[in-house]
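The structure appears below as structure tokens.
Where a number appears in this text, it was derived from the coordinates with a stated rule and is not lab data. Keep in mind the model is a prediction, meaning the values are calculated, not measured. No Cβ is skipped: glycine too gets one built from the backbone with ideal geometry, and neighbour counts run over all protein chains shown.
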Amino acid sequence: MCEHTEEFDPSTDTPIYSRLSHPNSTRVEAILSKIIGGECIVYNSGLSAFFAAIMYFNPKTVAIGDGYHGCHGILELLKRNYNIKVVNLNQLDQLSKGDLIHIETPENPYSIVHDISFYVSKAKEIGAFTLVDATFAPPPLSNPFDFNVDMIMHSATKYFGGHSDLLAGCLVTQNHKVKVQLANDRIYLGTNIANLEGYLLLRSLRTYELRINQQSKSATKIVEYLNNNKNLYPELTKIHHSSLQTDDFVKKQMIGGDSPVFSIELSTPEKAKYLPSKLKYFQHATSLGGVESLIEWRAMTDSSAPKTLLRVSCGVENVEDLIADLDSALKQA
Ligand SMILES: Cc1ncc(COP(=O)(O)O)c(C=O)c1O
């Protein structure tokens, strides 16, 4: 890990140049620090936050599960250029002191929860670090710091942004020196959030609590409905969501509700591909977290996803309308 320096702290130093900080970025950081419960550094995307975390921890080996393909893409670049080693979460025996365990929970695109305390205890045994991507369950749904992780990341493009009109990311630590180091690294990575995006994110955070609670409740209600009425939809073969997971750790982690994202599988790739065209409220698009409900035939953007899989992101529309929409489309399938 790199040496800490006390050069520049955006929360106290006067803004002098936007790449270091500007009033919108420091306000966003102050608010997200309170919401997430640590010290936050904001970035111009979720992926640049992940890259900054890798630069900070400087691991020789990273253990990573399935999860968002973009994080794997960054690790592939580092593997190609710098021989960084990438292993699965079930190959922790290949990690050494100073390496990194990256846990995405709930995990994209299935919205399945992984046991954070298991990985934190393994990391402590090895002397490795833990980074949790909690994009799918931001506060108050989950708080990875309850399990002593070293750092949390979010794609703020999703629930914090909430309007599908900005890109942003953040890293959060409970160690002030680490936050200062991240702020100094960011100067040379050139990845501070832009001024306008910072302004848009501040606008979004005013309605954050209303949105996330509604979106989480709607997803859980829709999943419950589909699961209880599977007999009505013979083409619906699988439903994936944390609310259907029975492991003890799920309830301990999802303290404020389940993720607003869930996934379904249909009997054939053709039916999955065409289901979005039968929906009125759910737009066929990638991304998630916005006030409008989205559905994505996941193979469209992620070649590793099964061709029968559809990822659903619940917005803030009336939940009965959303259920009726899915009911009608699934019956047509
Ligand atoms: C779980 C997760 N992490 C990270 C990212 C990357 O975020 P961004 O698109 O803001 O770079 C995404 C994007 O979809 C994501 O779903």
* To do: Translational diffusion coefficient, Stokes-Einstein: compute it for the chain using the Kirkwood radius over C-alpha pairs as Rh, at 37 °C and 0.692 mPa s, and state it as an integer in µm² s⁻¹.
  => 162
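Which entries of Lys221/Lys280; Lys122/Lys179; Lys221/Lys331; Lys79/Lys307 show an alpha-carbon separation above 21 angstrom in the structure shown?
Working: Lys221/Lys280 19 Å; Lys122/Lys179 24 Å; Lys221/Lys331 19 Å; Lys79/Lys307 28 Å.
Going by Cα-Cα distance, Lys122/Lys179; Lys79/Lys307 fall outside the 21 Å limit.
Give the percent of DSSP beta bridges with both residues in region 38-144 that are antiparallel, rounded to the nearest 5.
10
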* From the backbone phi of region 93-110, what are the Karplus-calculated ³J(HN,Hα) couplings (6.51 cos²θ - 1.76 cosθ + 1.60, θ = phi - 60°) in whole Hz, Gly and Pro given as x? -> 5, 8, 8, 10, 3, x, 7, 10, 10, 9, 10, 9, 8, x, 8, 5, x, 7
* Asked: Each residue of region 221-235 in turn: what ³J(HN,Hα) in whole Hz from Karplus with 6.51, -1.76, 1.60 and θ = phi - 60°, glycine and Pro shown as x?
  -> 5, 5, 4, 4, 4, 4, 5, 7, 10, 4, 4, 6, 10, x, 7
* Mind ranking 266-274, 155-163 by how tightly packed they are, going by the mean number of other C-beta atoms within 10 angstrom, highest first? => 155-163, 266-274
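With a 10 Å Cβ neighbour count serving as the proxy for reagent exposure, in which order, fewest first, do His176, His114 appear? Working shown, then result.
Details: His176 14, His114 19.
Ordered by Cβ neighbours within 10 Å, fewest first: His176, His114.
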* Shape of region 208-332 from its Cα gyration tensor (a ≥ b ≥ c, root eigenvalues): rounded if a/c is under 1.5, otherwise prolate when a/b > b/c, or oblate? -> rounded
* Hey, can you rank 278-285, 191-198 by average C-beta count inside 10 Å, highest first? -> 191-198, 278-285
* To do: For region 12-90, state what percent of all Cα-Cα pairs lands in each successive 10 Å bin, counting from 0 Å until the bin that includes the largest distance.
  => 15, 39, 27, 17, 1
* Taking the alpha-carbon centroid of each part, what is the distance from region 163-233 to region 141-161 in angstrom? -> 8
